[in-house]
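Asker: Take this structure first; my questions come after.
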Amino acid sequence: MSSDEFRKSEEWLNHHYKELREKYSGKILAVIGPDQYLVKNNYDDLVKELEKKGIDFDTVAVTHIPKKGQAAIV
């Protein structure tokens, strides 16, 4: 993923964060590209799924979606 692609994924995540938080509260999310993401319950499962799909972990934007009522650390 180029820096431009990563920036677009990051912008997409920021733009859709509110809806993602509503839908995936408490989950781990990896943004592969704009409108392309994986959601798992924990980092280990996320890494396994990325490996299974042949996606390099270093090329995705990963974030934890805090549960409602929890603060997000950015």
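Asker: Kindly provide the Kirkwood hydrodynamic radius of the chain in Å, to one decimal, from all pairs of distinct alpha carbon atoms.
Answerer: Details: mean 1/r = 0.0800 Å⁻¹.
For the chain, the Kirkwood estimate is 12.5 Å.
Asker: What ranking of Glu10, Glu22 emerges when the number of other C-beta atoms within 10 Å of each C-beta is taken as an exposure proxy, fewest first?
Answerer: Glu22, Glu10
Asker: Starting from the Cα-Cα distance between Val47 and His15, subtract it from 0.36 nm times their residue separation and give me the gain in nm to one decimal.
Answerer: Numbers: separation 32, 0.36 × 32 = 11.52 nm, distance 2.43 nm.
So the chain would gain 9.1 nm between Val47 and His15.
Asker: From Cα pairs below 8 angstrom and at least 6 apart in sequence, can you work out the relative contact order of segment 3-64, rounded to a whole percent?
Answerer: Values: 69 pairs, mean separation 22.3, N = 62.
In percent, rounded to a whole number, it is 36.
Asker: List the aspartates and glutamates whose alpha-carbon lies under 14 Å from that of Lys67, not counting same-chain residues fewer than 8 positions away?
Answerer: Straight-line reach from Lys67, under 14 Å: Glu19, Glu22.
Asker: Show that you can apply the helix-only estimate: for the chain, add -39,500 (n - 2.57) for every DSSP H stretch of four or more residues, divide by all residues, and state [θ] at 222 nm to the nearest 500. Present the calculation step by step, with values, prior to reporting the outcome.
Answerer: Working: 2 runs with 31 residues, N = 74.
Rounded to the nearest 500, it is -14000 deg cm²/dmol.
Each value in this text was obtained by applying a stated rule to the coordinates, not by laboratory testing. These figures come from a predicted structure and were not determined experimentally. Because the Cβ atoms are built from the backbone with ideal geometry, glycine has one as well, and the counts that use them run over all protein chains shown.
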